[in-house]
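Here's the structure, in structure tokens; my notes come after.
The values are calculated or read from the model by the stated rules, or taken from the named source; none is laboratory data. Keep in mind it's a predicted model, so treat the numbers as computed, not measured. Please note: Cβ atoms are built from the backbone with ideal geometry, for glycine as well, and neighbour counts cover all protein chains shown. When the accessible area is computed, the model is the full protein with side chains, heavy atoms only, and any ligands, DNA or RNA have been set aside. Shrake-Rupley method; radii C 1.70, N 1.55, O 1.52, S 1.80 Å.
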Amino acid sequence: MSAENRVEVGPAAEFEDGDAELVQVGRVEVGVIKANGEFHALRNQCPHDGGPVCKGEVEPRLVGEWGGSGERVEQHYDDDQQIISCPWHGWSFDVETGEHIGDDRYAIPKYDVVVEDGTVYVKGE
Amino acid sequence: MIDPADHLVVDCDWHYADTFTQVAPYMPEPWKTKFPKSGFGDTGVRQNLSAFFPASTGNRFNYGKIEREFSEYPDGGDTKADVLEGMDHLDIDKTLQISHLILAMGGISADDRRVEAFVKGYIEYMLEEVLDPDEGIYGLAPMPYHDIDASMDILDRVEDEEAFVGVVMVTAGASPPLGNRKYDPIYERCEEMDYPVVYHTGGSGLDDYVRAGYQDMIETHTLGFLEANMSQIVSVACQGVPEKFPDLDIVFMESGVTYIPGLVCRINEEYLKRSEEAPLLEKKPGDYITDFYFGTQPLEVSARPDLLEICFDMVGTENLLYASDYPHWDFDSPSIITDLPMLDDEDRKNILGRNAVEAFGL
Ligand code: FES
């Protein structure tokens, strides 16, 4: 990541897990999200109807496990999969890949993020 | 254009016009004794759905406009000879018999023994007097799904009978809907037995449709049948039946095909917004639905041909099964398929017979 086209987001220490910070990167707004200690950057534009997806809630994905015939499907949150849900209609995306959790043909563009000397940067286009 | 007479035609939805008089001697006690003694015939109760199961207010005779040459449905009661005569009339080689009377079972919620008693009697009667694989007459065993143990008994009974090739679940009135885990044992066993599950829309009393209080047959037949099937499709898909039982063949019967694209579009939209509520799904619910088989009857040929083309496209001609629904008043003869301009002859042959051979292992 060359220093020229990167955008400074702020001190890494100021991010709690689940926080998202919006920055302008070229012509688009990007959300820098901290989830499970990792930083991810996604365009703040929902593929559904353009909603501010990065303003949505970050949480582990709810998954179901079926124990066998006649058993209830047991549901639990899988901490390894963090999702962000668009506040407009609830489309949910994997924070790491940007893909919709129900249909991977829908994906939010991703951006590279780097932490250097305690500061978070996003790579521009 | 092909002539059905020259090709294999499998009818996946023939309604065997059984009567209570025919089936009662085969029912377990006390029904075997109690029911024929009840005087249902003398009291003016007709030999149709209402004699044992709740009444249907729709007049299926359409005010005398329909005359039946090959069957005195619904009061006469078919015999094996009637079935053979009808098959000959429609150029049908093989047919899957579905009990006409069982369509009312969804109306029973308390006394589920009635359903079990009827089904047990029906199966013995059909095996003894009607079904005959050598003549192409096969049966679908009704599932008394209110009672899982009874359903298991039925599956044990028919397992080694070549004449039965699948089960029927009546969609109207099933509560909870048929995606509920309660029914898993039935699906599991059917998958094991290689028995497709045919969901058949229902003719329970009109007040037992999804919406109560319709007044005429035209209303229930347009909407009630449709709602009954759609409600089960949604439940079966969202609760992950096809994920739990991936080798189970799922067939939806008797609501035509034009509702499918609308339902698929709608359920997929919901899924994108609420995917986590269907955690067993590996793909969109509509993708499972378009993997189901669908009986074609009553095919909405009067709809815009381009719409019908989209429907066939979405479901795939390999998933469509010709069904006559004979001798019901609105039956479709095989020409409904052979006359469709957007199909090629291979598609026509597949829909008329080959797909069913594949699905039901005939
Ligand atoms: S705009 Fe994001 S869910 Fe609709």
Dipole of chain A, Cα-centred, from +1 at each Lys and Arg C-beta and -1 at each Asp and Glu C-beta, to the nearest 20 debye? 520 debye
Order B:227-236, A:11-20 from most to least packed using the mean count of other Cβ atoms within 10 Å. B:227-236, A:11-20
Short version: ³J(HN,Hα) in whole Hz for each residue of segment A:80-89, in order, from phi by Karplus 6.51 cos²θ - 1.76 cosθ + 1.60 (θ = phi - 60°), x for Gly and Pro, what are they? 6, 10, 9, 10, 10, 10, 4, x, 7, 10
Binned Cα-Cα distance frequencies in chain B - 10 Å width, integer %: 5, 26, 36, 25, 7, 1
Calculated diffusion of segment B:214-267, Stokes-Einstein form, Kirkwood radius summed over Cα pairs, 37 °C and 0.692 mPa s, µm²/s: 265 µm²/s
Order of B:133-141, A:96-104 by packing, highest average Cβ count within 10 Å first? B:133-141, A:96-104
For A:Asp112, the residues 5 or more places away or on another chain with a placed amide H closer than 5 Å to its own amide H are A:Lys123
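Give me the percent of accessible area attributable to carbon and sulfur for chain A, probe 1.4 angstrom.
38 percent
Taking every DSSP beta bridge that has both residues in chain B, what percent is antiparallel when rounded to the nearest 5?
About 5 percent, rounded to the nearest 5.
About the Cα centre of the protein assembly as shown, how large is the charge dipole given +1 on each Lys and Arg Cβ and -1 on each Asp and Glu Cβ? Please answer in debye to the nearest 20.
Working: 37 positive and 96 negative charges, 315 e Å.
So the magnitude is around 1520 debye.
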In this model, which of A:Lys55/B:Lys283; B:Lys34/B:Lys80; A:Lys34/A:Lys55; B:Lys244/B:Lys283 are farther than 21 Å apart at the alpha-carbon? A:Lys55/B:Lys283; B:Lys34/B:Lys80
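Rank by packing, highest mean first: peptides B:161-170, B:22-31, with packing defined as the count of other Cβ atoms within 10 Å averaged across residues.
Output ranking for B:161-170, B:22-31: B:161-170, B:22-31.
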Per residue accessible area in Å² of segment A:11-106, where ligands, DNA and RNA are left out and the probe is 1.4 Å: 52 Å²
Hz values of 3J(HN,Hα) by residue in segment A:118-124 - Karplus curve (6.51, -1.76, 1.60), Gly and Pro given as x: x, 10, 8, 10, 10, 7, x
Computed Kirkwood radius, in angstrom, where 1/r is averaged over Cα pairs of the protein assembly as shown: 25.0 Å
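Just checking the output field for A:63-76: average partner chain Cβ neighbours within 10 Å of each residue's Cβ? Write out the running numbers ahead of the final one.
Details: counts 3, 8, 2, 8, 1, 4, 11, 10, 3, 1, 8, 1, 4, 1.
So the per-residue partner count for this stretch is 5.
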A:Glu57 long-range amide H proximity, modeled H, under 5 Å: A:Ser85
Against the rule of thumb 2.2 N^0.38 Å, how large the Cα Rg of chain A comes out: 1.16
Free-standing Cys residues across the protein assembly as shown, given no other cysteine C-beta under 4.7 angstrom: A:Cys54, B:Cys12, B:Cys190, B:Cys238, B:Cys265, B:Cys311
Over both sides of the A-B contact, add up the buried accessible area with a 1.4 Å probe and give it to the nearest 100 Å². 1600 Å²
Percentage of Cα-Cα pair distances in segment B:276-362 greater than 21 Å, rounded to whole percent? 35 percent
Inside 10 Å of the C-beta atoms of B:277-283, what's the mean count of C-beta atoms belonging to other chains? 4
Other-chain or far-sequence residues with amide H under 5 Å of B:Val168's (modelled H): B:Ala141, B:Met143, B:Val198
Picking from A:Val73, A:Gly26, A:Leu62, whose Cα lies most toward the positive end of the charge dipole for segment A:1-119 (charges on Cβ: Lys, Arg +1; Asp, Glu -1)? A:Gly26
Measure out, as a whole number of angstrom, how far apart the alpha-carbon centroids of segment B:215-285 and segment B:314-335 sit. 19 Å
Based on the inverse mean of 1/r over its pairs of different Cα atoms, what is the Kirkwood hydrodynamic radius of segment B:105-182, in Å? 13.1 Å
CD proxy, 222 nm, the protein assembly as shown: helix-only mean residue ellipticity via -39,500 (n - 2.57) per DSSP H run with n ≥ 4, per residue, nearest 500, stands at -7000 deg cm²/dmol
So what's the Cα pair-distance distribution over segment B:143-190, bin width 5 Å, in %? 4, 21, 34, 23, 12, 5, 0
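Pairs of Cα atoms under 8 Å, at least six residues apart: use those to get the relative contact order of chain A, whole percent.
On the way: 275 pairs, mean separation 34.7, N = 125.
Once divided by the residue count of chain A, the mean separation gives 28 percent.
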Spelling out what I want: for every residue of segment B:147-159, take phi, set θ = phi - 60°, compute 6.51 cos²θ - 1.76 cosθ + 1.60 (Karplus), and round to whole Hz; glycine and proline get x. 10, 5, 4, 5, 5, 5, 4, 5, 5, 4, 5, 8, 3
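Nothing charged except the Cβ atoms of Lys and Arg (+1) and of Asp and Glu (-1): what's the magnitude of the dipole of chain B about its Cα centre? Round to the nearest 20 debye.
Result for chain B is approximately 1500 debye, rounded to the nearest 20.
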